[in-house]
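A quick write-up on the structure given underneath.
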Amino acid sequence: MSRKPVGVAILGAAHMGHAWAYSRALTESPNACLVGLYDPEPQHTRWIHQDFGVPLTGDAEALLASPEVDAVLVCSANDEHRAHVELAAAHGKHVLCEKPIATTVEDGEAMVAACAAAGVQLHLPFVSRFLPMVERARTAVRDGRLGDLIGLVGGNRGRPPLPPAYPGWITDPVAAGGGALIDHSVHVTDVMRHVSGLEVTEVSAEAGSLLWNLDVDDVAVVSLRLENGAVGSIDPSWSVPANHPHDYDFYLRLVGTEGSLEITDGAETLNVISAREGGPRGLRQASFAEDADRAMIEAFLASARAGVIEDPCATGQDGVRALEVALAGYRSSTLGQVVKLR
């Protein structure tokens, strides 16, 4: 007997690129039915509606009250995450909330509590967990093949999120909660926690607006100490220049007492020359690796159907932990001192 697809609604599409990628994964999945999309800003919904025919609605309450909806993707601006996750939880829907989970730890913890009280799941889309090379690195660390982990170096650098490709809220310090540090460090912090099984205990950081004349930080460096004494560093900067063949990168280097390993997503790319109108032209790098967005969406759907969050999915609490590190980085940069977390 075939199983009924999981009915999914999207609440907010301000994270336009992510909302589009998730919509593609959902519309191509036999395990999902994309019921509808709510966002009052036409700029946010234009391409999702045009490319995938997703029905638009101006009534979030009515959308979530539909018996066809089993789960909700929240892709609204960062400072709206709490309200939208709590609304979804109040309607008894499982939630996948875009990163960072919130702009304050208080809001993040309230979201975790609301979903727990409603008996629904709260996921974070930390897609790096779904890269096969990350899973192999995790197995190597957990099996002790590197000995005791003593150093971690990671990065997730990207282009500046400037118009017209990006909406203005991303560089608004209130709506976004910050700049590059909060935007990109959470991915690297999470994958370090996921691979090592260790928590961050101390954070030291520098952050500033040095490249693009923004009201938020566009470059940062974050230094970490983990609970076993290992040290780490993260580069979350929006430092990819114009005409570079890739839009962003992800890398992770792990050093142990008996070995080391390095992960870079650039190892799984093709060099492509494009001359087409209406898109990036010139030399581009196109990945041939597994689609991590698709894998993450399928894991979310499977967890919603099973009623339990299954590995390697990231939970709301994982989102809070990554947010704690980002916000500690801002405090450290402002105060000029190390910030202790636990």
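Our note on the geometry: Cα centres of segment 327-342 and segment 186-264, 15 Å apart.
How fast does segment 34-73 diffuse by Stokes-Einstein, in µm²/s, taking the Kirkwood radius from C-alpha pairs at 20 °C and 1.002 mPa s? Before the final figure, lay out the partial values.
Values: Rh = 10.6 Å.
Translational diffusion coefficient: 203 µm²/s.
Highest mean first, the peptides 18-27, 4-13, 110-119, 333-342 sorted by other C-beta atoms within 10 Å per residue fall in the order 4-13, 18-27, 110-119, 333-342. Of the chymotrypsin sites (Phe, Trp or Tyr not before Pro) found in segment 288-342, those that fall in a DSSP loop while having at most 14 other beta-carbon atoms within 10 Å are PHE288.
From the Cα gyration tensor of segment 185-278, with a ≥ b ≥ c the square roots of its eigenvalues, which class applies: rounded if a/c is under 1.5, or else prolate if a/b is larger than b/c, or else oblate?
On the way: a/c = 3.14, a/b = 1.42, b/c = 2.21.
Oblate shape, in that a/c is at least 1.5 and b/c is the bigger or equal ratio.
Kirkwood hydrodynamic radius of the chain, from the reciprocal of the average inverse Cα-Cα distance over all distinct pairs: 20.5 Å.
Just to verify a number: FRET efficiency for SER223 and ASN271, C-beta to C-beta distance, R0 = 51 Å, to 0.05? With R0 = 51 Å, the Cβ-Cβ based efficiency is 0.90. Peptides 139-147, 34-42, 207-215, 153-161 ranked from most to least packed by the mean count of surrounding Cβ atoms within 10 Å: 153-161, 34-42, 207-215, 139-147. Label-to-label distance for GLN43 and ASP59 is 2.8 nm, based on points extended 7 Å past Cα in the beta-carbon direction.
What is the extension gain from GLU199 to GLN50, computed as 0.36 nm multiplied by their sequence separation minus the C-alpha to C-alpha distance, in nm to one decimal?
49.4 nm
For segment 226-265, build the convex hull from the C-alpha positions and give me its volume per residue in Å³. Display every interim value, and only then the final one.
Working: hull volume 3.2 nm³, N = 40.
Dividing the Cα hull volume of segment 226-265 by its residue count gives 79 Å³.
In segment 17-114, the C-alpha radius of gyration followed by the widest Cα-Cα span (Dmax) gives 13.2, 37 angstrom.
The residue among HIS123, ALA137, VAL35 whose Cα reaches farthest toward the positive pole of the charge dipole of the chain, with charges on the beta-carbon of Lys, Arg, Asp and Glu, is ALA137. The Rg/Rh ratio of segment 79-192, with Rg taken over Cα atoms and Rh as the Kirkwood radius over Cα pairs, comes to 1.04. Amide H contacts under 5 Å for GLY36: ILE10, restricted to partners 5 or more places along the chain or on a different chain, H placed in the peptide plane at 1.01 Å from N.
Peptide packing for 55-61, 174-180, 124-130 was compared via the average number of neighbouring C-beta atoms within 10 Å per residue; ordered from the highest value, the list is 124-130, 174-180, 55-61.
The amide H of ILE150, built 1.01 Å from its N in the peptide plane, has VAL255, GLY256, THR257 as neighbours under 5 Å, considering only residues 5 or more places off or on other chains. For segment 126-264, the spread of Cα coordinates along the three principal axes comes to 47, 31, 21 Å, biggest extent given first.
Distance distribution P(r), segment 168-234, all Cα-Cα pairs, bin width 5 angstrom from 0: 4, 17, 25, 20, 15, 11, 7, 2, 0 percent.
Read-outs: derived from the displayed coordinates by stated rules, not from any lab. On a predicted model such as this, the values are computed, not experimentally measured, just so you know. Because the Cβ atoms are built from the backbone with ideal geometry, glycine has one as well, and the counts that use them run over all protein chains shown.
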